[in-house]
Each structure stands twice: as C-alpha cells, then as structure tokens.
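Structure first, then comments.
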Amino acid sequence: MRIVVGRVDEFEPGGRRVVDVGRRSIGVFRVGDRFYAISNHCPHQGGPLCAGRTAPWTHSDGPGSARTGEEHVMLACPWHGWEYELATGRSFLGPTEPPARSYQVSVASGETLDQDLDLRVPGRTPGPYVAETYPVRVEDDYVIVDTTTNAGPGDVDATERTGDRS
Ligand code: FES
C-alpha cells in the first residue's frame, strides 16, 4: 500500500510525523533533504520508537578525532534507549537483535499522484452512471510511504525526486 503522508514543505528539516494506517503506526522523518520511514513499534518491548531522539552516527579514526555523517542517522527508543538506524531499522546491539521495520519512501509530484495510486476499493464494481468531473492539478511534491517493501537503503532525497513507481 502506498500512503501519501503529506507535502514535502510540511516537513521541516529535522521534523517528523507519525501516521496511523490500519493497525500500523509509522514515523516519517526528514533529515536534511532525505526522508525515512520506520515502524513506531520498538522490537525490544514495543515502546513508541518514533518518539525518540535522533542523532547522526559518530565515527572516530582515533583519539581526538570524531566526525559525524548525515548518511547514517540513529533513532533511540525513549523507553530503554535501544538505537536503530533510520534508513534500515537495523540495531547494532548484537546479531540476534531484531531490526525495526523500515519502509520505502518516495517523493512524487502531485500531478502524477492520481496515475500513481490505486484508488480502487476492493469489492466495489463501478455502476453505469457517471457524474461530470473536472480536472484538478496538484502541483506540490508529496511524501509517499510504501508499506509493501522494506526500505533497505531506499530513503529518498527530496532534491532528487525520481518519480520511481516501483
Ligand atoms: S522498548 Fe524500546 S528500548 Fe525497550
């Protein structure tokens, strides 16, 4: 299922939004111009993971040297502090610790959304009567979460909209 979460400009850099879709609760994060989506259910004991703080991964080449990179952002659960990588949901606590579920995020022009999303309702058959409709243009860019696949490295940069519909 592909879910339109909101307009790109509704997300401040560093901002987040938690959306509930059916039984799922999903946090969508903007880090710089990149978007990530991750389950709000912490694999440890079910805490509200997306209420936690984010921080860039810190690298050190030796004493007195530390640098951070935006490409690996960690999210810490507010209950016990377990950390997960935003892009993949991976934990680094140990090989047996389960990852948090992460989701693919894309940014698409509003002009393409009606072609892009499947708006059919299962179990409904169109009848013979058709009311007149009018074209509506939606010009902004929208953030879309795909709940059918794990994200892996599939976070998206808002400045590199691809229009990928996979
Ligand atoms: S429930 Fe998230 S760290 Fe324990």
Put one equal scatterer on each alpha carbon of segment 1-104, apply the Debye formula with no solvent term, and list log10 I(q)/I(0) at q = 0.11, 0.12, 0.18, 0.23 1/Å to two decimals.
-0.34, -0.41, -0.86, -1.28
Under a 5 Å amide H to amide H cut-off, with H placed in plane at 1.01 Å, what residues pair with residue 40 once short-range neighbours are removed?
25, 26, 27
Counting other Cβ atoms within 10 Å, which trypsin sites (Lys or Arg not before Pro) in segment 1-106 have at most 13 and lie in a DSSP loop?
23, 53
What is the set of long-range amide H partners of residue 87 at a cut-off below 5 Å, with H atoms built 1.01 Å from backbone N?
73
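Just need the relative contact order of segment 1-113 here, percent rounded to a whole number, with Cα pairs under 8 Å and 6+ apart.
Values: 198 pairs, mean separation 21.8, N = 113.
Reported as a whole number, the value is 19 percent.
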Residue 6: net charge of surrounding residues, Cβ under 14 Å, Lys/Arg +1, Asp/Glu -1, itself excluded?
-1
Euclidean distance of C-alpha centroids, segment 81-98 and segment 18-50, integer Å:
14
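Rule-based calculations on the coordinates, nothing more; no lab input. Because the structure is predicted, anything quoted here is derived from the model rather than measured. Note: ideal-geometry Cβ built from the backbone for every residue, glycine included; neighbour counts use all protein chains shown.
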